[in-house]
Amino acid sequence: MYHKFIATIAALSIAITGLSATSAAAGDRNRDLARIAAGVLGVAIVGKIIHDNNKDRQNREHANQGHVNRGHVVTRDRVQPRPLPQKYREQKRHQRQDSKLLPQSCFRSYDTRRGQVVMFGSRCLQKNFRHANRLPQHCAQTIRTFQGTRSGYDARCLRGAGYSLARG
């Protein structure tokens, strides 16, 4: 496609150059007018070729948007989904907020040899928090206390992941 376009432009430029390369005679207006007309005609032809090239490209892009089925092009219009009713939208919003609120009863503080550790107990979360299986695993930890080994989730890590302590 581009080879034809470049070849056409090159041929037109050679033709226009050949016309204008003759020696100019003083007072010969007909030759000057012919050269000007040839130049305008050449520019018009090049403009038409560019316009047709852009038009063909747009048609090809539009035709390739659908699926081809036995030579027929099927285009699909994008349909916006119907919005949810108001009560479901409010319920969804509350679920999102509730899924990030951790129960206060699971918030524990343990004394270890290295100091105090604040975390949420994993068994307590399994019993009292519906989304316990969705907690980030990189926050899970096991510590050794004076009363034995405890497993749970680091409170600071969970806070960094967007979770917060439920008040009340």
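Where a number appears in this text, it was derived from the coordinates with a stated rule and is not lab data. If you're wondering where the values come from, they're calculated on a predicted model, not measured in any experiment.
Amide H contacts of Leu165 (H built 1.01 Å from N, in plane; Pro and chain starts excluded): Leu102 sit under 5 Å, all sequence-distant by 5 or more or on other chains.
With Cα atoms as the point set, the stretch 94-165 shows a radius of gyration and Dmax of 12.1, 41 Å.
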